[in-house]
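Engineer: Below are the structure tokens for one structure; questions will follow.
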Amino acid sequence: MLTTYLPPHISPDQVQACLGLLSDTHMPSRWPRLHDTLSHIFADVDLILHAGDVGELWVLDELSRIAPVVAVHGNDEPADTPQMLPEKEIVTVAGQRILLWHGHYTDRVDELESRRTQTMLPKLERIARHGQRVGAKFVHFGHWHIPLICEIEGVTLVNAGAFASGNLTTRQLIQTVALLFVLENGRFHITHIDVNSQELHQPQDVVALDFLTALRPYTGSILSPELQALAPQFQHNPETIKVMWQLAPSCWWGGKEMITREDVEKEYGDNLK
């Protein structure tokens with residue numbers, strides 16, 4: 001597997017360790033199960049790092065059939081998961097310190113306030129500063145559902161991407177994981193992989209982008225155009241949220257293209273205006 005996902009200029013002899021990176025599985029509420037392809041993609045890894053929004057803890061049990069797992073919790077977990085997993089974890093491999101963190105704000109008010117700023121660079125600088133505080137040259141984080149690699153202030157930041165959608169009205173268009181190759185002399189090489197095709201995925205250069213532009217290739221609406229116009233009406237309504245939890249899986253993994261107004265009214269009643 002090392003030769004499959006390593007570029008030609010890096011010899012397997014230069015690899016001191018190989019880690020599998022993933023995040024935002026949200027299982028089983030937003031995605032039912034791990035892809036069978038993971039056992040192939042992660043076949044030769046020494047360790048798997050899960051950067052949060054795991055879902056139920058059996059996800060980690062299944063991953064551990066491939067390799068040992070270290071995980072942190074995210075901001076959108078079942079009630080028990082944050083009690084069992086830490087917010088952050090430091091992992092040291094081949095002399096290199098890695099910070100594993102979901103990347104969210106602990107306080108929900110701070111999290112929502114942070115979303116007012118769309119520019120990516122300040123968001124990336126915040127992640128890098130957390131790495132600097134613990135002396136880590138590498139930070140693996142999740143939360144954004146955007147695969148990326150960049151170096152900020154001497155810290156390499158990697159988001160492996162996501163399996164599941166970020167909310168009830170969208171789907172994850174490209175599902176990715178990453179491989180972290182720890183090389184000689186403190187160097188790293190990171191490869192992103194589409195878990196469906198098992199082919200290499202090249203992330204965008206996100207540093208100069210705004211958040212929504214960076215997110216666009218990876219997230220698509222599951223609402224019909226008419227329903228999108230009505231979305232502000234029902235996105236915070238407990239009854240219609242319950243209906244969306246019933247309908248969304250048909251798009252997330254059931255093959256349905258979109259949810260229509262008629263779909264919602266069939267479950268909710270003729271109350272949409």
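The values are calculated or read from the model by the stated rules, or taken from the named source; none is laboratory data. Not measured: the values here are computed from a predicted model. So basically every Cβ, Gly included, is an ideal-geometry build from the backbone, and we count neighbours across all protein chains shown.
Engineer: Of all residues in segment 93-110, count the ones that are closer than 28 Å to residue 190 by Cα and surrounded by 10 or more Cβ atoms within 10 Å (Cβ to Cβ).
Structural biologist: Qualifying residue count for the region: 12.
Engineer: Scan segment 247-273 for residues that are in contact with an Asp or Glu (Cβ under 6 Å, 6 or more places away or on another chain) and not hydrophobic (A, V, I, L, M, F, W, C) and report the count.
Structural biologist: Qualifying residue count for the region: 1.
Listed here are the residues, each with its yes/no results for (1) outside the structural domain of residue 39 (by TED's automatic domain parsing); (2) within 30 Å of residue 17 (Cβ to Cβ); (3) of a type outside the set (Val, Ile, Thr).
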| site | (1), (2), (3) |
| --- | --- |
| 175 | no, yes, yes |
| 195 | no, yes, no |
| 239 | yes, no, yes |
| 242 | yes, no, yes |
| 257 | yes, no, yes |
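Engineer: Within segment 138-163, track down each residue that is in a loop (DSSP other than H, G, I, E, B) and surrounded by fewer than 23 Cβ atoms within 10 Å (Cβ to Cβ).
Structural biologist: Within segment 138-163, 153, 154 qualify.
Engineer: State all residues of segment 190-214 that are buried (at least 17 other Cβ atoms within 10 Å of the Cβ) and aliphatic (A, V, I, L, M); if no residue qualifies, say none.
Structural biologist: 190, 193, 195, 206, 209, 214
Engineer: Any idea which of 187, 171 is of a type in the set (D, E, K, R), assigned by TED's automatic domain parsing to the domain that holds residue 114 and crowded, with 17+ Cβ neighbours inside 10 Å?
Structural biologist: 171
Engineer: Out of (1) surrounded by 15 or more Cβ atoms within 10 Å (Cβ to Cβ); (2) closer than 24 Å to residue 144 by Cα; (3) aromatic (Phe, Trp, Tyr), what's the single condition that is false for residue 268?
Structural biologist: Residue 268 satisfies all of (1) surrounded by 15 or more Cβ atoms within 10 Å (Cβ to Cβ); (2) closer than 24 Å to residue 144 by Cα; (3) aromatic (Phe, Trp, Tyr) except (2).
Engineer: Does residue 40 meet the test of being under 13 Å from the mean Cα position of the chain (by Cα), assigned by TED's automatic domain parsing to the domain that holds residue 147, over 19 Å from residue 172 (Cβ atoms) and not in a strand (DSSP E or B)?
Structural biologist: Here the answer is no, as residue 40 does not meet what is asked.
Engineer: Any chance segment 37-52 includes a residue that's of a type in the set (Asp, Glu), surrounded by fewer than 20 Cβ atoms within 10 Å (Cβ to Cβ) and farther than 23 Å from residue 148 by Cα? Write out each step before concluding.
Structural biologist: Going residue by residue through segment 37-52, those that are of a type in the set (Asp, Glu) are 44, 46.
Subsequent filtering for residues that are surrounded by fewer than 20 Cβ atoms within 10 Å (Cβ to Cβ) retains 44, 46.
Those still in the list that are farther than 23 Å from residue 148 by Cα too: none.
Within segment 37-52, not a single residue is of a type in the set (Asp, Glu), surrounded by fewer than 20 Cβ atoms within 10 Å (Cβ to Cβ) and farther than 23 Å from residue 148 by Cα.
Engineer: A further question follows. Of all residues in segment 6-33, which are outside any loop (DSSP other than H, G, I, E, B) and surrounded by 22 or more Cβ atoms within 10 Å (Cβ to Cβ)?
Structural biologist: Within segment 6-33, the first condition is being outside any loop (DSSP other than H, G, I, E, B), and the residues that meet it are 12-22, 27.
Result: 18, 19, 20, 21, 22.
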